[in-house]
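Beneath this line is the structure, given in structure tokens, with notes to follow.
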Amino acid sequence: MTRILGISAFYHDSAAALVADGKIVAAAQEERFTRLKHDSSFPTHAVHYCLGDLEDDLDYIAYYEKPLLKFDRLLETYLGFGPKGFRSFRTALPVWLKEKLFLKQTLRRRLPAADRAKLVFVEHHESHAASAFFPSPFDQAAILTLDGVGEWSTCTFGVGEGNRLRLEAQLEFPHSLGLLYSAFTYYCGFKVNSGEYKLMGLAPYGKPVYQELILEHLLDLKPDGSLWMNMEYFNYCQGLTMTNDNFHDLFGGPPRLPEANLEQRHMDLAASIQSVTEEAMMRMAREIHRRTGQKNLVLAGGVALNCVARAFP
Ligand SMILES: [Fe+2]
């Protein structure tokens, strides 16, 4: 029997899963045990829940992304944006140095009994693709992954067949449908990587009156669903906020403070970005269908958690 322990940690929502001979036998998020929402620490409790006392009986430990490639992206972004990028670099670096760059040692130290298990580092979007395709009921399917950002990829598509998958194309940071949605989440006063569902829930109370403004200024959405973002309106490459003054001027004021009253404007912004997201996803799905000819489509990544956009007509 081949036993694989999958781990995600040190970003958000740490978790562990155990796969034995191709079947998921246990999976848990660390926050369920520690009661800390989005707990990003090493998932000690979740691992223990999955393995019990059988830590020494593992063949592989799979980590959900490639740390060095991600470090490469962070470094290049910070350097690319010069001294302005130093603030977020300074904030992120201690975590990287402590935990991520030395991940092999960290995993070995945290799982001492699993010393004969091989460590495998899978690309972030490959992990998303696997999470969607392998548990799906399909023997063949097109795959679309969409999130904020992994190492460099923000969106990929490909094809899964039997026990294999291959990703064929990608969009790269900073151009990201997920980060665009998170920018509006931030602007409307909700927490990034957490409150996106609130923005989605707010959308039906508004009208998409800002849709044209978004498509005209913030991004160039191509007919095939690929997109190019105008970074003159965003701050996430160089600072600790998602948006900048150009963005605030375009939409009529500073970001809403958390807990401040929600106005019609925020509901209209939510409806507008929801509509743009649905349009982009629809274009991507059509393009993937055209290019792969597959009749099934599986989705994964944070943007795919947008259950309203996912309910394709
Ligand atoms: Fe992701």
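Structure notes:
- In the chain, helical runs assigned H by DSSP with n ≥ 4 each contribute -39500 (n - 2.57); averaged across all residues and rounded to the nearest 500, the mean residue ellipticity at 222 nm is -10500 deg cm²/dmol.
- Dipole magnitude (debye, nearest 20) for region 177-310, charges at Cβ of Lys, Arg, Asp, Glu: 640
- Cβ-based net charge around V120, under 12 Å, with every Lys or Arg adding one and every Asp or Glu removing one: -1
- Of all DSSP-defined beta bridges confined to the chain, some 70% are antiparallel rather than parallel.
- With K and R counted +1 and D and E -1, the other residues having a Cβ less than 12 Å from that of D139 yield a net charge of +1.
- Distant-in-sequence amide contacts of T243, defined by a placed amide H-H separation under 5 Å and a gap of 5 or more residues or a different chain, comprise N235.
- In order along region 224-232, the phi-based Karplus estimate (6.51 cos²θ - 1.76 cosθ + 1.60, θ = phi - 60°) of 3J(HN,Hα) comes to 8, x, 5, 9, 10, 9, 7, 6, 5 Hz; Gly and Pro are listed as x.
- If the convex hull is drawn through the Cα atoms of the chain, its volume per residue in Å³: 134
- In order along region 61-67, the Karplus-derived 3J(HN,Hα) couplings, from 6.51 cos²θ - 1.76 cosθ + 1.60 at θ = phi - 60°, round to 10, 10, 9, 7, 7, 9, x Hz, and Gly and Pro are given as x.
- Amide H to amide H, with H built 1.01 Å from N, E151 comes under 5 Å of H124, H125, counting only residues 5 or more places away or on other chains.
- Relative contact order (%) - criterion: Cα under 8 Å, at least six apart; region: the chain: 17
- Counting neighbouring beta carbons within 10 Å and listing from fewest to most, the residues M284, M242 come out as M242, M284.
- Net charge of the neighbourhood of N230, taken over other residues with C-beta under 11 Å away and scored Lys/Arg +1, Asp/Glu -1, is -3.
- Computed log10 I(q)/I(0) for region 177-310 at 0.10, 0.18 Å⁻¹: -0.32, -0.99, from the Debye equation with unit scatterers placed on every C-alpha and solvent omitted.
- Candidate aspartates and glutamates - alpha carbon under 18 Å from K37, same-chain residues fewer than 8 apart omitted: D13, E196
- Relative exposure of Y78, Y181, judged by other C-beta atoms within 10 Å (fewest first): Y78, Y181
- In region 140-230, trypsin sites (Lys or Arg not before Pro) in a DSSP loop with at most 16 other beta-carbon atoms within 10 Å: K191
- For the chain, the dipole from Cβ point charges (+1 on Lys and Arg, -1 on Asp and Glu) about the Cα centre works out to 400 debye, to the nearest 20.
- Taking other C-beta atoms within 10 angstrom as a stand-in for reagent exposure, W228, W152 fall in the order W228, W152, fewest first.
- The relative contact order of region 177-310, computed from alpha carbon pairs under 8 Å that lie at least 6 residues apart in sequence, is 36 percent.
Read the figures in this text as sums done on the coordinates, not as results from a lab. Fair warning: this is a prediction, and the values are worked out from it, not measured in the lab. Because the Cβ atoms are built from the backbone with ideal geometry, glycine has one as well, and the counts that use them run over all protein chains shown.
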